[in-house]
Amino acid sequence: MRTMVAVSMCLGACVGEVGGGGAPGGADGGIDGSASASDDARPGSVIDAAPSTTMPDAAPQDPGRAAQVCERWRADRVALAEGSWSGSVDACSAGDVTTDGRGNALRLVNLYRWLADLPPVTTDPALDAKAQQCALMMDANGALDHSPPTSWRCYSAAGAEAAGSSNIASTRGVAAVDLYMVDPGNPTTMGHRRWILSNGLGPIGLGTTDGSSCMWVFGGDGGGDRRWTAWPPPGPFPLQAVDPSFASIDETGWTLQSSAIDLRSARVTVTAGGAAKPVTTTVLGANFGSRHAVSFVPQGWTTQAGVTYHVEVSGTSEPIVYDVSVVDCR
């Protein structure tokens, strides 16, 4: 039986400059996720680095790439332990998570970014500490809020700052990474996934208790230079990433994001073996890790191993065409 985890985002106006980090808290709230699908969504500010390429990012069809993808997928998912938390909700102590827990979460973030041909990120100890305070607050109050009131149990200024700058979830930190990438309950933004796949992500902060977690995503200066990023990305893609946990991306949607190309009039078609694969396309809310984005949800079909899906995007300033070749990485 699938465990439901909610993901929620902040509603409201977005401040902050494109290319810079979002101001913590206030209207620049971050993104939160947890085990149910009842989320509110508010855009955070864009942290994408300026793109440096001008051609569509179609991946080369290297026959050895599928084996490499599966090897990396399996290796990076061998250890998914959450680690041990040293804090206490009763004592309002944020404590810390052991290095295996934080390391496993970071490795999953970088696995997903590697699949999308994005550079890896690191954590920052100062952001980790604030994310711990954030996770404590969410756990202590049994709720998710990017602008927690001072009346909240275990409230702290550092935790509130992180709450407004983070993906937040009512599940532990390692499991939350898979949750954010599927992103159930956010059909108008898909913001958790977009922040993780942002050009400018990093360094990040990772904090978790035994019941909640926060991933600081704002203010990054990462070195990604993709003109666009798709999920699933071009090239070989693990079937297991379609449904890693909580839900399937066939249910929540494939996505395409960019800060270099205006996608507001994008039209998406998907074919496989020359046959049309109908999709419902939605223009997503602006400025969640990328200026523009669209989702496209399969209608009457599901992603299958051994199939190559040909995606064409028109109605944009430059055409976007790529192939996703799904491989079974069991």
- Somewhere in region 308-318, is a residue out of contact with any His (no Cβ under 8 Å at 6 or more places or on another chain), charged (D, E, K, R), in contact (Cβ under 8 Å) with a residue 24 or more places away in the chain and under 29 Å from residue 219 (Cβ atoms)? no
- Item | Leading residue by the ranking (least open to solvent (accessible area, probe 1.4 Å)) among those in region 114-149 that are farther than 14 Å from residue 201 by Cβ and polar (S, T, N, Q) | 132
- Top-ranked residue of region 261-278 - restricted to ones that are touching a residue at least 40 places away in the same chain (Cβ under 8 Å) and part of a loop (DSSP other than H, G, I, E, B), ranked as nearest to residue 225 (Cα to Cα): 261
- In region 172-193, the residues that are part of a loop (DSSP other than H, G, I, E, B), buried (at least 24 other Cβ atoms within 10 Å of the Cβ) and of a type in the set (Ser, Thr, Tyr): 189
- Note on the structure: Selection over region 106-138 where residues are assigned to a loop (DSSP other than H, G, I, E, B) and closer than 24 Å to residue 243 by Cβ yields a count of 3
- Report yes if residue 258 is within 28 Å of residue 221 (Cβ to Cβ), among the small types (Gly, Ala, Ser), out of contact with any Gly (no Cβ under 7 Å at 6 or more places or on another chain) and in contact (Cβ under 8 Å) with a residue 12 or more places away in the chain, otherwise no. yes
- Item | Per-region count, region 222-242, residues open to solvent by less than 30 Å² (accessible area, probe 1.4 Å), more than 23 Å from residue 316 (Cα to Cα) and either out of contact with any helix residue (DSSP H, G or I) (no Cβ under 7 Å at 6 or more places or on another chain) or of a type in the set (A, V, I, L, M, F, W, C) (or both) | 4
- Task: Considering only residues that are hydrophobic (A, V, I, L, M, F, W, C), open to solvent by less than 10 Å² (accessible area, probe 1.4 Å) and in contact with a strand residue (DSSP E or B) (Cβ under 7 Å, 6 or more places away or on another chain), look in region 194-209 and name the one that is nearest to residue 286 (Cα to Cα).
- Result: 195
- Task: Please work out if residue 293 is within 23 Å of the chain's Cα centre (by Cα) and part of a loop (DSSP other than H, G, I, E, B).
- Result: no
- Query: Is one or more of the residues making up region 210-221 open to solvent by less than 10 Å² (accessible area, probe 1.4 Å), within 24 Å of residue 268 (Cα to Cα) and in a loop (DSSP other than H, G, I, E, B)?
  - Reply: no
- Note on the structure: Taking region 269-289 and keeping only residues that are crowded, with 20+ Cβ neighbours inside 10 Å and touching a Leu at 6+ places or on another chain (Cβ under 8 Å), one is left with 289
- Query: So, in region 243-257, of the ones that are at pLDDT 95 or above and surrounded by fewer than 20 Cβ atoms within 10 Å (Cβ to Cβ), which residue ends up farthest from residue 117 (Cα to Cα)?
  - Reply: 251
- Item | Filter pass, residue 305 being farther than 30 Å from residue 218 by Cα, among the small types (Gly, Ala, Ser), modelled with pLDDT of 95 or more and not in a strand (DSSP E or B) | yes
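The values are calculated or read from the model by the stated rules, or taken from the named source; none is laboratory data. This one's a predicted model, so the numbers in the text were calculated from it and none came from an experiment. Here Cβ is always computed from backbone atoms with ideal geometry, including for glycine, and neighbour counts include all displayed protein chains. Remember, those area values only see protein heavy atoms, side chains included, never the ligands or the DNA or RNA. Shrake-Rupley method; radii C 1.70, N 1.55, O 1.52, S 1.80 Å.
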